[in-house]
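Values quoted throughout were computed directly from the atomic coordinates according to the rules given, and no laboratory measurement underlies them. Quick caveat: nothing in here was measured; it's all calculated off a predicted structure. Heads up, the Cβs are rebuilt from the backbone with ideal geometry, glycines too, and the neighbour counts pull from every protein chain shown.
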Amino acid sequence: MDLLDRITINPAIRFGKPCVRGTRLTVGDVLGTLAAGSSEAELLEDFPQLTHEDVLACMAFAAK
């Protein structure tokens with residue numbers, strides 16, 4: 001599975017913002033939390049539905 005396949009855009013979810021597949025967490029939510037100083041371990045603890053690959057997918061999406 002390509003990392004970017006983990007990111008979906010659906011106009012009916014979070015106003016069409018890119019989200020991690022199967023969640024309502026946006027790429028911006030994930031990256032904003034990391035940018036605010038949280039570690040990936042803290043992020044994964046706070047959002048147990050996320051995986052390491054989801055975090056990588058958010059970074060890849062933002063880089064694109």
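Before moving on, here are some points about what is shown:
- log₁₀ of I(q)/I(0) at q = 0.14 Å⁻¹ - the chain, Debye sum with one point per alpha carbon: -0.34
- Simple label model, 7 Å out from Cα along Cβ direction - K64 to L34, nm: 1.5
- Placing unit charges on each Cβ (+1 for Lys and Arg, -1 for Asp and Glu) gives the chain a dipole about its Cα centre, and among G37, V55, V27 the Cα reaching farthest toward its positive end belongs to V27.
- Peptide packing: for 29-42, 50-63, the average count of neighbouring Cβ atoms within 10 Å per residue gives the ranking 50-63, 29-42, highest mean first.
- Mean residue ellipticity (222 nm) of the chain, computed from DSSP H runs ≥ 4 via -39,500 (n - 2.57), nearest 500: -12500 deg cm²/dmol
- Taking 0.36 nm per residue of separation and subtracting the current Cα-Cα distance, fully stretching the chain between N10 and R24 would add 4.0 nm.
- Contour excess over end-to-end distance, with Cα ends at E45 and D2 and 0.36 nm allotted per residue: 13.1 nm
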